[in-house]
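The values are calculated or read from the model by the stated rules, or taken from the named source; none is laboratory data. Since the model is a prediction, treat every value here as computed from it, not as a measurement. No Cβ is skipped: glycine too gets one built from the backbone with ideal geometry, and neighbour counts run over all protein chains shown.
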Amino acid sequence: MKCFRNRSFVYFSLIILLITTACEKNDGKTGLTDIDGNVYDTVVIGTQVWMAENLRTTRLNDGTEIPLVESDTAWANLEAPGYCWYGNYEAFFNLNHYGALYNFFAVSSGKLCPEGWHVPDTDEWYTLLLYLGDEIAGGKMKETGTRDWLQPNTGATNESGFNALPGGFRNAYYKDYQRFRVSGYFWHSNRSDAMRAEHNSSDVIHGSLQRNDGASVRCVRD
């Protein structure tokens, strides 16, 4: 996987987005509540019901607190569930529904999503992509426009209602945050796999992350 450092670009983007953000994006919620009391929009896509926002819980569904790990070195060495906010900017990324970034230890706990929901496995991701048209699925999943996604946001229609956002990821090896506004990374429940939506593609790429990388989570109903 190609990696690049873009801290100055991220900071500039944050300033611009903070200026243009007047309120939360989704005012009307549809009833899925996590253990922290966060309420999420959901969407029916084919035979599946998905969260239409990225997860932002700070606890597992049994009440266990997930450690917030801000130190790059501590994150890279973590061998247990952990979460963070991109660039350690909690207020911005929580308010704008980018959600938290979780390591694979949190995902593989099996307790990250609200009761009755779970982190999708590989088959469930492919069920979604095939229903949406495989190579054009990314366009149907991405939020439209270039407020959040970097130009050109190729093919974005969001006709599925999935509302994918480019929350980037935390790279444990390079000990930094990468690809905010460029890519959205979403964990699988197995094999440290992740789906990646890109600003310049209508496709969704199946790739891998290290288990101590940080990525977004979408839950699907049991």
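Quick notes on this one:
- Among the residues making up segment 204-219, those that are closer than 26 Å to Ser71 by Cα and assigned to a loop (DSSP other than H, G, I, E, B) are Leu209, Gln210, Arg211, Asn212, Asp213, Val217, Arg218.
- Filter result for Gly161 (at pLDDT 95 or above and assigned to a loop (DSSP other than H, G, I, E, B)): yes
- Flag if Ser108 is free of Cβ contacts under 8 Å to residues at least 24 places away in the same chain and among the small types (Gly, Ala, Ser): no
- Count of residues meeting criterion [in contact (Cβ under 8 Å) with a residue 24 or more places away in the chain, of a type in the set (Val, Ile, Thr) and either under 15 Å from Tyr185 (Cα atoms) or not in a helix (DSSP H, G or I) (or both)] in segment 122-156: 2
- In segment 70-87, of all residues being under 15 Å from the mean Cα position of the chain (by Cα) and outside any loop (DSSP other than H, G, I, E, B), the one that is nearest to Val119 (Cα to Cα) corresponds to Tyr83.
- Residue in segment 189-203 that is in a loop (DSSP other than H, G, I, E, B), under 13 Å from the mean Cα position of the chain (by Cα) and surrounded by 22 or more Cβ atoms within 10 Å (Cβ to Cβ) present: no
- Pair list, Cβ < 6 Å and 6+ apart or interchain, from segment 162-187 residues that are in contact (Cβ under 8 Å) with a residue 24 or more places away in the chain and on the phi > 0 side of the Ramachandran plot to residues that are surrounded by fewer than 23 Cβ atoms within 10 Å (Cβ to Cβ) and among the polar types (S, T, N, Q): Gly168/Gln178; Arg181/Ser13
- Members of segment 31-57 that are surrounded by fewer than 16 Cβ atoms within 10 Å (Cβ to Cβ) and either over 17 Å from Pro120 (Cβ atoms) or acidic (Asp, Glu) (or both): Gly31, Thr33, Asp36, Gly37, Val39
- Of the residues making up segment 129-143, those that are under 15 Å from Ala52 (Cβ atoms), surrounded by fewer than 24 Cβ atoms within 10 Å (Cβ to Cβ) and touching a helix residue (DSSP H, G or I) at 6+ places or on another chain (Cβ under 8 Å) are Leu132, Lys140.
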